[in-house]
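Remarks on the structure that follows.
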Amino acid sequence: VVEKEVMNVLSMKGLKFDDYLFNDGGETLNFKIREIKNALRYNPRIREVEIFDDRTAHIPVFQKLGDELIENGYLDNFKINHVK
């Protein structure tokens, strides 16, 4: 249900992306982390990730993830935008 609504809004705004990911009903934070790691695993040329999240509790978890990915050489930059 949400997927259709999101796609309609994106279409109205003329926004297109390479991929669209929608949570399958699992825990949101774990879903997002899994999908970030999958994207990097299947696209090793990605060197920079920028995310947007409105959940204050998720921000430090993403910061830790980004720091680890940079420290381990998977990324050069990881930016988090806290949407309020």
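The values are calculated or read from the model by the stated rules, or taken from the named source; none is laboratory data. Only a predicted model underlies this, so the values are computations on that prediction, with no experimental measurement involved. Here the Cβ positions follow ideal geometry from the backbone for every residue, glycine too, while neighbour counts run over all protein chains shown. Heads up: the accessible areas ignore ligands, DNA and RNA and are worked out on the full protein's heavy atoms, side chains in. Shrake-Rupley method; radii C 1.70, N 1.55, O 1.52, S 1.80 Å.
Laid out as a table, the results:
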item: Only one of Ile59, Ile36, Ile51 that is in contact with a His (Cβ under 7 Å, 6 or more places away or on another chain) and hydrophobic (A, V, I, L, M, F, W, C); result: Ile59
item: Members of the range 65-79 that are open to solvent by less than 40 Å² (accessible area, probe 1.4 Å) and under 12 Å from the mean Cα position of the chain (by Cα); result: Leu65, Gly66, Phe78
item: So Met7, is it open to solvent by less than 90 Å² (accessible area, probe 1.4 Å) and among the hydrophobic types (A, V, I, L, M, F, W, C); result: yes
item: Filtered residues of the range 35-47 (kept if surrounded by 13 or more Cβ atoms within 10 Å (Cβ to Cβ) and within 12 Å of the chain's Cα centre (by Cα)); result: Glu35, Ile36, Lys37, Ala39, Leu40
item: Those residues of the range 48-64 which are of a type in the set (A, V, I, L, M, F, W, C) and surrounded by 10 or more Cβ atoms within 10 Å (Cβ to Cβ), in sequence order; result: Val49, Ile51, Ile59, Val61, Phe62
item: Helices (runs of 4 or more DSSP H) wholly inside the chain containing at least 2 residues that are in contact with a strand residue (DSSP E or B) (Cβ under 9 Å, 6 or more places away or on another chain); result: 28-42, 59-71
item: His82 vs. criteria in contact with a Ser or Thr (Cβ under 9 Å, 6 or more places away or on another chain) and open to solvent by 40 Å² or more (accessible area, probe 1.4 Å); result: yes
item: Pairs where the first residue, in the range 3-30, is on the phi < 0 side of the Ramachandran plot and the second is assigned to a loop (DSSP other than H, G, I, E, B) and among the hydrophobic types (A, V, I, L, M, F, W, C), C-beta under 9 Å, 6+ apart; result: Glu3/Phe22; Val6/Phe22; Val9/Leu15; Leu10/Phe17
